[in-house]
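Engineer: Would you mind keeping the following structure in view while I ask a few things?
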Amino acid sequence: MRIDIISIFPKMFSAVLDESMVKRAQLKGKVKIFTHDLRDYTLDKHRKVDDRPFGGGSGMVLQVEPIFRAVQAIKKKIKGKAKVILLCPQGKRLNQAYAKKLSGCRNLILICGHYEGIDERVRQYLADEEVSIGDYVLTGGELAAMVLVDSLVRLLPGVLGDKNSLNFESFEGNLLEYPQYSRPAKFKNWPVPEVLVSGDHRKINAWRKLQSFKRTRLKRPDLLKQ
Ligand SMILES: C[S@@+](CC[C@H](N)C(=O)[O-])C[C@H]1O[C@@H](n2cnc3c(N)ncnc32)[C@H](O)[C@@H]1O
């Protein structure tokens, strides 16, 4: 998989791309991630990427021209089709099923907005999909792009050491994950459920299934309705 990210703050991405799972996925060759400074696609000497909104109003709007040039340049480099995604609070809400779907794409181009937003023509003519990471407004699309990248890179085959860890994760089969415990078994007066240290795997599995169901009913009953 190849992911290209267009942003006016490309340095922000090193926090996620150069650490932990996403870094390991790149080292293993499972994903190639490139960040692009939108200002590199401007033609004026001030490298201007934004302007005031037509019709008046507060804030600045990212202009369509440099974004168009960036998308075209990236598409030229990519062999094959690329899905262009605009990070946007008005987009389709990201969830595990959507992350799974996107993790099946060969090439993704992510566009991060900033300031008051982005020229509407980016949405109309350049983006294939709009993705939101939740019903709140961030300062820019960078954090949203990082969330999206992390959520789908860990789903790529061979990225997680133990592929079973994906099968039993929250949202798999519309259930939340069961409670997890580790050593020490005795700490203060906070016991670990007996069944987990019993060694009886049939009982452990049954207990986990039940806990998973109970938690989902308690914390996210909406998932059970799906
Ligand atoms: C301050 S926001 C603009 C919000 C816009 N004025 C509105 O009311 O819809 C700037 C940029 O942050 C990104 N952004 C903000 N919230 C987001 C969210 N929940 N999901 C994805 N991207 C978001 C988008 O790229 C957006 O263009």
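The values are calculated or read from the model by the stated rules, or taken from the named source; none is laboratory data. For clarity, every value in this text was computed on a predicted model and none was experimentally measured. Virtual Cβ from ideal backbone geometry, glycine too; neighbours counted across all protein chains shown. Only protein heavy atoms, including side chains, enter the accessible area calculation; ligands, DNA and RNA are left aside. Shrake-Rupley method; radii C 1.70, N 1.55, O 1.52, S 1.80 Å.
Engineer: Which residues, taken from the stretch 171-195, are without any contact (Cβ under 8 Å) to a residue 40 or more places away in the chain and either assigned by TED's automatic domain parsing to the domain that holds residue 23 or within 15 Å of residue 99 (Cα to Cα) (or both)?
Structural biologist: 173
Engineer: Search the stretch 19-40 for residues that are open to solvent by 70 Å² or more (accessible area, probe 1.4 Å) and pair each with any residue that is not β-branched (Val, Ile, Thr) when their beta-carbon atoms are under 6 Å apart and the residues are at least 6 apart or on different chains.
Structural biologist: 30/156; 30/158; 32/2; 34/4
Engineer: Restricting to the stretch 98-123, give me the number of residues that are open to solvent by 90 Å² or more (accessible area, probe 1.4 Å), of a type in the set (Lys, Arg) and within 14 Å of the ligand (Cβ to nearest atom).
Structural biologist: 1
Engineer: Which members of the stretch 47-58 meet the condition of being within 13 Å of the ligand (Cβ to nearest atom) and surrounded by fewer than 17 Cβ atoms within 10 Å (Cβ to Cβ)?
Structural biologist: 53, 57, 58, listed by residue number.
Engineer: To continue, here is another question. Could you list, in sequence order, the residues of the stretch 91-117 that are at positive phi and outside any loop (DSSP other than H, G, I, E, B)?
Structural biologist: Answer for the stretch 91-117, where residues must be at positive phi and outside any loop (DSSP other than H, G, I, E, B): just 117.
Engineer: Provide a single number: the residues in the stretch 124-175 that are away from the ligand (no atom under 13 Å from the Cβ) and in a loop (DSSP other than H, G, I, E, B).
Structural biologist: Total meeting the criteria: 16.
Engineer: Within the stretch 206-225, can one find any residue that is under 25 Å from residue 101 (Cβ atoms) and open to solvent by 90 Å² or more (accessible area, probe 1.4 Å)?
Structural biologist: yes
Engineer: If a residue has to be farther than 25 Å from residue 53 by Cα and of a type in the set (A, V, I, L, M, F, W, C) to count, how many in the stretch 85-108 make the cut?
Structural biologist: Count: 6.
Engineer: Another question, if that's okay. Looking only at residues in the stretch 59-90 that are of a type in the set (A, V, I, L, M) and assigned to a strand (DSSP E or B), which one is nearest to the ligand (Cβ to nearest atom)?
Structural biologist: The selected residue is 87.
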